[in-house]
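Written out below as structure tokens is the structure these notes cover.
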Amino acid sequence: MLTVTNLSKRFGGVHAVQEVSFTIPKGCVYSVIGPNGAGKTTLFNLISGLYTPTSGAIRFEGQEIGGAAPDTLAKRGMSRTFQNLQICKNLSAIENVMVGAHLTLNSNMFAGMFRWPGLSRADRTCRERAAALMERVGCGAFIKADAAAMPYGALKRLEIARALASEPKILFLDEPAAGLNHTETHGVQTLVADLARSGLTVVVVEHDMKLVMSVSDRILVLNYGRRLAEGAPAEIRENPDVIAAYLGADAEED
Amino acid sequence: MTHLPDAPTPRRERSYTGRLVGLAALTAIVALLPLFLPNAFYFDVAIRIAILAVNGVALNLLMGYTGQISLGHAGFFGLGAYGSAVLTTHFGWSSLLALLAAAALTAVIAWGVARVILRLRGHYLAMATLGLGIIISIVLTNETAWTGGPDGMPVDGFSLFGFTLSGERRWYWVFGGLLIGTVILAQNLIDSPAGRALQALHGSETAASVAGIDVGRRKIAVFVLSATVAAILGSLSAHYSGYINPGIAGFMQSVELVIIVVLGGMASIYGSLLGAVVMGVLPQILAGYEGWDSVLFGVIMVVTMIFLPRGVVPSLTTRLRAVRFGRKGGATC
């Protein structure tokens, strides 16, 4: 579904991502792990169009998308959440989710001003769907709340609901469990598994190893911007390089 | 998944009934006000307030809702006014045709400028729009052959199908109707997917673009919309007052519009109306004290920024709601 070939990104003298290649098959849960600063979020930003690659290719459903703008990629069926939340605090919670459904609605300014026939009805349906999505990801208690008044854990879920509202083919979750407690992390784990079962391709950047090992079909390990290993969870757990760089080095890393 | 405890204060939905109540109140005020206006002078003040209000609402779409500042908006008002004046006086065009042409020309200019300057953000955008307004005002002052220069130029009344609109009382209904229409259209826009997109890019450009919103194109569209509204108002007010000078496109006029938006409340339609009333009435009260109105405007701006940074209407609605629900909650209205 998504193929990355020799992808590199340089910020001045810093090689954030270097010659990384991998393929994400359709309908699986693909995780990207690595120590802090390994280039995971940079990789996400490259694929989702926020950064332009220095070199290399990104192909989505057979078409080159390297350097395409995020809104173009959204039209192609790509959606994501953010490690450092990107919530519109000037809107209510449910409106944030409805923003995710932007492409499914008639968003012409004149249609809006003159209440084009069918527009209000479509918007009401969209609101109902957004409420259902909020229930699904577990922030149903905040359907009538302002986004600015929501706690951190609920905002993480709100972002997932917004990403799902666009009905994406592929969903990128950037550290969905960061800052969440044990119960909440378990909730994210169940949700990711649930999404994958519905046929969605999910790509996860995450530090919580228990979550990664339990939900992933395949795992990519990055270290200093380079690909260290790639494979099924069992292979990654046994890989000596990975153990040396990451899993076994927990004590000295933190 | 487990539900999180303690949902915050319920937000009052932007309900349709709420909107209708506000609109009914506005319509009643516009309809009944003439009964309390003793003479043409008061009608003139009311008309000027309506012009400021419509301009304020249009600028609020750009500033309050989309989060893009413009310190040169009076420039577009001036372009509309002079466009109509020049086309009717020098070329003998009909009022309506001149108005439409001036609006279209302003839209094209605003579009061309927006493509370049809306890449800028914050202070840089403020400086660029400030410069734009000043350039327009200088051109209007210096093109003496067309515009009469600093002395200004006379403008004929607005005539349509052989009927010429004249007198404060008739014009009052035109601007009153325009005001109500603008409020309806602006509220429709804000509650629509397009309006949500504008507010979303104000909240987070990154989130908006990932959701499929073409941030650049949206910013340009709302800039052109609000510039075009200003131009149409400029045309009408030129015909109404019968005489224009480059002062109408000046920096102080742009600042006045910004004060209306900020004082009344960013992202608040009725806030802009309130701001327009204040800015329209104050100069009349201070008429005897030449120059002191500018000082007072400055003081109002500073006091608002310190004590009601979100503007009068949003701050007050939040407080009222807090009283009603017994605690504080964020709100926009």
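Please go through segment A:74-102 and give me each residue that is surrounded by fewer than 20 Cβ atoms within 10 Å (Cβ to Cβ), more than 7 Å from every other protein chain (Cβ to nearest Cβ) and not in a loop (DSSP other than H, G, I, E, B), ordered by number.
A:Arg76
Tell me which residues, restricted to segment B:19-59, are closer than 13 Å to B:Ser237 by Cα and among the charged types (D, E, K, R).
The answer is B:Asp44, B:Arg48.
I'm trying to understand the selection: among the residues of segment A:152-177, which are more than 9 Å from chain B (Cβ to nearest Cβ) and part of a helix (DSSP H, G or I)?
A:Tyr152, A:Leu155, A:Lys156, A:Leu158, A:Ile160, A:Ala161, A:Leu164, listed by residue number.
Does any residue of segment B:122-133 turn out to be of a type in the set (Gly, Ala, Ser), under 24 Å from the mean Cα position of the chain (by Cα) and farther than 23 Å from B:Met252 by Cβ?
There is no residue in segment B:122-133 that is of a type in the set (Gly, Ala, Ser), under 24 Å from the mean Cα position of the chain (by Cα) and farther than 23 Å from B:Met252 by Cβ.
Which of the residues that make up segment B:122-142 are under 14 Å from B:Pro246 (Cα atoms) and surrounded by fewer than 18 Cβ atoms within 10 Å (Cβ to Cβ)?
Passing the criteria: B:Ile134, B:Ile135, B:Ile138, B:Val139, B:Asn142.
Could you please tell me which pairs satisfy a Cβ distance under 6 Å, a separation of 6+ or placement on different chains, a first residue in segment B:290-310 that is in a helix (DSSP H, G or I), and a second residue that is among the charged types (D, E, K, R) and surrounded by 16 or more Cβ atoms within 10 Å (Cβ to Cβ)?
That search, which allows pairs on different chains as well, returns nothing.
Quick check: is even one residue across segment B:182-198 within 20 Å of the chain's Cα centre (by Cα), at the interface with chain A (Cβ under 7 Å from one of its Cβ atoms) and closer than 17 Å to B:Ile51 by Cα?
Yes, there is a match, as at least one residue in segment B:182-198 is within 20 Å of the chain's Cα centre (by Cα), at the interface with chain A (Cβ under 7 Å from one of its Cβ atoms) and closer than 17 Å to B:Ile51 by Cα.
Where residues in segment A:103-151 are under 25 Å from A:Thr72 (Cα atoms) and surrounded by 23 or more Cβ atoms within 10 Å (Cβ to Cβ), which of them is nearest to the other protein chains (Cβ to nearest Cβ)?
My answer is A:Gly112.
Only one residue in B:Ala207, B:Ala221, B:Ala227, B:Ala238 is in a helix (DSSP H, G or I), over 12 Å from the mean Cα position of the chain (by Cα), within 14 Å of chain A (Cβ to nearest Cβ) and surrounded by 24 or more Cβ atoms within 10 Å (Cβ to Cβ), so which one is that?
Sole residue among the options that is in a helix (DSSP H, G or I), over 12 Å from the mean Cα position of the chain (by Cα), within 14 Å of chain A (Cβ to nearest Cβ) and surrounded by 24 or more Cβ atoms within 10 Å (Cβ to Cβ): B:Ala207.
If I filter segment B:20-30 for residues that are under 12 Å from the mean Cα position of the chain (by Cα), within 14 Å of chain A (Cβ to nearest Cβ) and either closer than 24 Å to B:Gly195 by Cβ or modelled with pLDDT of 90 or more (or both), do I get at least one hit?
Taking every residue of segment B:20-30 in turn, none turns out to be under 12 Å from the mean Cα position of the chain (by Cα), within 14 Å of chain A (Cβ to nearest Cβ) and either closer than 24 Å to B:Gly195 by Cβ or modelled with pLDDT of 90 or more (or both).
Only one of these is surrounded by 14 or more Cβ atoms within 10 Å (Cβ to Cβ), modelled with pLDDT under 95, more than 14 Å from every other protein chain (Cβ to nearest Cβ) and farther than 30 Å from A:Leu180 by Cβ: B:Ile51, B:Ile69. Name it.
Only one candidate passes the filter, namely B:Ile69.
The values are calculated or read from the model by the stated rules, or taken from the named source; none is laboratory data. Predicted model only: the values in this text are computed from it and were never measured. A quick note on method: Cβ atoms are made from the backbone with ideal geometry, for glycine too, and the neighbour counts reach across all protein chains shown.
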